[in-house]
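Written out below as structure tokens is the structure these notes cover.
Bear in mind these aren't lab numbers, they're just calculated from the coordinates by the rules spelled out. A quick note: this is a predicted structure, and the numbers were derived from the prediction, not measured. Heads up, the Cβs are rebuilt from the backbone with ideal geometry, glycines too, and the neighbour counts pull from every protein chain shown.
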Amino acid sequence: MLALMLLIRRFEERASQQYQAQKIGGFCHLYIGQEAVVAGAVAAVREDDYIITAYRDHGHALARGISANACMAELFGKGTGCSQGLGGSMHFFDKKNHMYGGHAIVGAHVPLAAGLAFACKYREEDRVTLCFFGDGAINQGAFHEALNLIALYKLPVVLICENNLFAMGTSVQRSTSLKQIVDRAEGYDIPGEIVDGMNFREVRDKLSEIVTSIRKDPHPAFVEIRTYRYRGHSMSDPASYRTKEQLEKYRLDDPIIRLRAQLTREGKLTNEQFDALDKKAKETALASVKFAESSPELAVEKVYDYAYFNEKRS
Amino acid sequence: MREISYRQALNEALAEELARDPNVFLMGEEVAEYNGAYKVSQGLLERFGPKRIIDTPISENGFAGLGVGAAMVGLRPIIEFMTFSFSFVAFDQVVNNAPNMFMMSGGQFNIPITFRGPNGPAHQLGATHSHATESLYANAPGLKVCTPATPRDAKGLLKTAVRDDNPVLVLEAELLYSSKGMVEPPDKELLIPLGQAEVKREGGDVSIICYAQTVPLALAVAAQLEEEDISAEIVDLRSIKPLDETTIFNSVSKTHRAIIVEQDRPFCGVGAEVCYRIQKNIFDELDAPIMRVSQEDVPMPYNEKLEKFVLPNADKLMSAVKKVCYT
């Protein structure tokens, strides 16, 4: 999982560089700093469990097993991308790996998560749906309606609020009437917990416990995972709404450094081993840029094939 | 053939599709224990049970989105809006999530969902409850929109919608739920393809292109016109999207005169689109400018006299016919 967190970090650094080089269009929201959240979450579930998230989705896609090549190609808008270059940064999908997006309207995918979990319950499967969203989503109507439905129908969803303290530039204190986000869950009679999102092991262990309990008896759960994004909301955001001191405080508590220290202390990781993992992550990220650059785009007339299923017009 | 109501036809369509495919379920406000606000789902809870006929709280955005999510993994939800005026609360799910998923996932996730419910102005329900939503939804690529006017079309189109692998809106005509018509017996499968208009009455002098609640209006006017020796052809679009250009063009090429009568408001409406297509494709066939009869472009008033004034009606249609026939 350290390898995954390093891959996300190095991939995002490359994505940032390529965005600045104008190889990537549109919006681009980086996940750097939050890696332990998704790494811990995927470590707690099976490969056939469902994952759905918002627009800051590169890390989730990589964690779900989508290749760095397919992710970078998507950012480049290429036909080899995980959504064939038709979705872009905010719309990463992969049916095979049970990655259900990549959704860019804040809060609007929480009802979709309810639907994914509804289908599992309808078919009497023991899959769990992990629904990730940011602290900005918790004040949207769709979020509230979905939570009520999820609780009412006892759907097997883990609602994962990645609280990185800011909804774009608006801090939680300025957007939310509650002192702590997890209390939203209480309003719907959903059990909620706060988890340290800079600590991979804590995320993994807490979610494992929750997922095990859901598999036995379908029900929802809510976790507020406290994390921090090092970069701005998107590439165009200098993040002047927060202090350098705050950013530095979190950087010292970096999830990768923390996991490295834990493993080193336990004698499970040498400096050489860490360097090798990091080197591999950097190489994979760099190779993904080369792959994306050399990949073809879809022919323009293909656009007509993606308005309706099974109605090819090109 | 036997005579049943529009409501009964929809009920049969739902029951047949629920019985045919275990992936189909019906969800919405009051659809189960109350048997539907308009009794379209009468008896379905008893027959199919609470797993498949599901009451929701008043949360259109939530349950429409739940349907889209369930459709992503292969269920075939039928989502009832108590009226399409309430679908605006779920607009984001209907126009942003359902039709865009296929494109933005690079063709991985199609959304086989049916949104259905009454649509169009009824009687004195005031501005918020009187919306005709067809032109709004037909504007979103990825959606299909149909507007049955008869019990037979209601049954056949709804069944086709449920089997379609894309999001389809079945906009039922609120004022026509109790209307009756001839429909094939239940043991005969009735599927009416989307995108096929039907000539409801043949005529040679003028084509009146209509749909949903304006079909009975147009038929009544045609009967009146006959007394004045004007022979009107009534083309019921049945589907707004896809639009059956062939049937429209064939009719207008025969009569050389076209009027579109729509239950919706005029601005950027169905009539505008049909008008554009006629003049672009068969301009030389036209002997008169194309006319359009629509609602007045104002929010719907409650007052009965004012409401009647705002809606398309026989007088307005009659006067349009006289204009294009130069009589």
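Just checking, does segment A:190-213 include any residue being in a loop (DSSP other than H, G, I, E, B), in contact with an Asp or Glu (Cβ under 8 Å, 6 or more places away or on another chain), under 26 Å from A:ASN97 (Cα atoms) and of a type outside the set (Asp, Glu)?
Yes, segment A:190-213 contains at least one residue that is in a loop (DSSP other than H, G, I, E, B), in contact with an Asp or Glu (Cβ under 8 Å, 6 or more places away or on another chain), under 26 Å from A:ASN97 (Cα atoms) and of a type outside the set (Asp, Glu).
I'd like to verify a number: residues in segment B:101-116 that are facing chain A (nearest Cβ under 7 Å), crowded, with 24+ Cβ neighbours inside 10 Å and assigned to a loop (DSSP other than H, G, I, E, B), how many?
Residues meeting the conditions: 1.
Among what's in segment A:56-70 and is away from chain B (no Cβ under 11 Å) and over 13 Å from the mean Cα position of the chain (by Cα), pick the residue that is surrounded by the most Cβ atoms within 10 Å (Cβ to Cβ).
A:ALA68
Here is a list: A:GLY59, A:GLY65. Which entry is of a type outside the set (D, E, K, R), on the phi > 0 side of the Ramachandran plot and in contact (Cβ under 8 Å) with a residue 24 or more places away in the chain? Full working, then the answer.
On the way: A:GLY59 fails: on the phi > 0 side of the Ramachandran plot.
When all the criteria are applied, what remains is A:GLY65.
Just to verify a result, which residue in segment B:70-84, among those that are farther than 16 Å from B:GLY142 by Cα and assigned to a helix (DSSP H, G or I), is farthest from the other protein chains (Cβ to nearest Cβ)?
B:PHE84
Name the pairs whose Cβ atoms lie under 9 Å apart, with the first residue in segment B:235-250 and on the phi > 0 side of the Ramachandran plot, the second charged (D, E, K, R), and 6 or more positions between them or separate chains?
From segment B:235-250, the pairs are B:ARG238/B:ASP153; B:ARG238/B:GLU198; B:ARG238/B:ASP244.
Looking only at residues that are free of Cβ contacts under 8 Å to residues at least 40 places away in the same chain and within 18 Å of B:LEU191 (Cβ to Cβ) in segment B:1-30, which one is surrounded by the fewest Cβ atoms within 10 Å (Cβ to Cβ)? Full working, then the answer.
Within segment B:1-30, the first condition is being free of Cβ contacts under 8 Å to residues at least 40 places away in the same chain, and the residues that meet it are B:11, B:15, B:18-20, B:22.
From the residues that got through so far, the ones that are within 18 Å of B:LEU191 (Cβ to Cβ) too are B:11, B:15, B:18-20.
Working: B:ASN11: 23, B:ALA15: 18, B:LEU18: 22, B:ALA19: 11, B:ARG20: 13.
Result: B:ALA19.
With respect to B:GLU46, is the statement that it is without any contact (Cβ under 8 Å) to a residue 12 or more places away in the chain, assigned to a helix (DSSP H, G or I) and either among the acidic types (Asp, Glu) or closer than 20 Å to A:HIS91 by Cα (or both) true?
Taking the combined requirement at face value, the residue satisfies it.
Return only the number of the condition from (1) part of a loop (DSSP other than H, G, I, E, B); (2) free of Cβ contacts under 8 Å to residues at least 12 places away in the same chain that B:GLU33 does not satisfy.
Of the numbered conditions (1) part of a loop (DSSP other than H, G, I, E, B); (2) free of Cβ contacts under 8 Å to residues at least 12 places away in the same chain, the odd one out for B:GLU33 is (2).
Please enumerate the residues belonging to segment A:140-160 that are surrounded by fewer than 23 Cβ atoms within 10 Å (Cβ to Cβ), within 9 Å of chain B (Cβ to nearest Cβ) and either of a type in the set (A, V, I, L, M, F, W, C) or within 18 Å of A:ILE51 (Cβ to Cβ) (or both).
Correct list: A:LEU152 only.
In segment B:188-214, what residues are of a type in the set (A, V, I, L, M) and farther than 24 Å from B:THR327 by Cβ?
B:LEU190, B:LEU191, B:ILE192, B:LEU194, B:ALA197, B:ALA212
Out of all the residues in segment B:1-30, which are in a helix (DSSP H, G or I) and of a type in the set (Phe, Trp, Tyr)?
B:TYR6
Residues being part of a strand (DSSP E or B) and aromatic (Phe, Trp, Tyr): count how many of those fall in segment A:80-102.
Residues in segment A:80-102 being part of a strand (DSSP E or B) and aromatic (Phe, Trp, Tyr): 1 in total.
Enumerate the pairs (first residue in segment A:87-107 and closer than 13 Å to B:MET72 by Cα and facing another protein chain (nearest Cβ under 8 Å); second residue anywhere and small (Gly, Ala, Ser) and crowded, with 22+ Cβ neighbours inside 10 Å) with beta-carbon separation below 6 Å, excluding pairs fewer than 6 apart on the same chain, so at least 6 apart or on different chains.
So the pair list comes out as A:PHE93/A:SER83; A:PHE93/A:GLY101; A:PHE93/A:GLY102; A:PHE93/B:SER105.
Check B:SER59, B:SER87 and return the single one that is farther than 13 Å from B:PRO167 by Cα, free of Cβ contacts under 8 Å to residues at least 60 places away in the same chain and facing chain A (nearest Cβ under 8 Å).
Values: B:SER87 fails: facing chain A (nearest Cβ under 8 Å).
Only one candidate passes the filter, namely B:SER59.
Quick test of your reading of the structure: A:GLN17 fulfils all but one of (1) touching a residue at least 40 places away in the same chain (Cβ under 8 Å); (2) in a helix (DSSP H, G or I); (3) surrounded by fewer than 22 Cβ atoms within 10 Å (Cβ to Cβ). Name the failing condition by number.
All conditions are met except number (1).
Quick one: in segment B:142-180, which of the residues that are of a type in the set (D, E, K, R) and assigned to a loop (DSSP other than H, G, I, E, B) is farthest from the other protein chains (Cβ to nearest Cβ)?
B:ASP164
Would you check which residues across segment B:166-189 are without any contact (Cβ under 8 Å) to a residue 60 or more places away in the chain and touching a strand residue (DSSP E or B) at 6+ places or on another chain (Cβ under 9 Å) and list them?
B:VAL168, B:VAL170, B:LEU175
Let's see how each residue does on (1) of a type outside the set (A, V, I, L, M); (2) more than 28 Å from A:SER16 (Cβ to Cβ):
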position	(1), (2)
A:VAL195	no, no
A:GLU202	yes, no
A:ASP217	yes, yes
A:ALA221	no, yes
A:PRO238	yes, no
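Can you name the residue in segment A:108-139 that is more than 9 Å from chain B (Cβ to nearest Cβ) and free of Cβ contacts under 8 Å to residues at least 40 places away in the same chain and is also surrounded by the most Cβ atoms within 10 Å (Cβ to Cβ) among such residues?
It comes out as A:GLY136.
When you go through A:PHE309, A:PHE291, A:PHE274 one by one, which is the residue that is surrounded by 14 or more Cβ atoms within 10 Å (Cβ to Cβ), farther than 16 Å from A:GLU12 by Cα and either of a type in the set (D, E, K, R) or away from chain B (no Cβ under 13 Å) (or both)?
Testing whether each residue is surrounded by 14 or more Cβ atoms within 10 Å (Cβ to Cβ), farther than 16 Å from A:GLU12 by Cα and either of a type in the set (D, E, K, R) or away from chain B (no Cβ under 13 Å) (or both) leaves just A:PHE274.
Can you say whether B:ALA218 is farther than 25 Å from B:GLU30 by Cβ, part of a helix (DSSP H, G or I) and free of Cβ contacts under 8 Å to residues at least 24 places away in the same chain, as far as the supplied structure shows?
On the way: farther than 25 Å from B:GLU30 by Cβ: yes; part of a helix (DSSP H, G or I): yes; free of Cβ contacts under 8 Å to residues at least 24 places away in the same chain: no.
No; evaluated as a whole, the condition is false for this residue.
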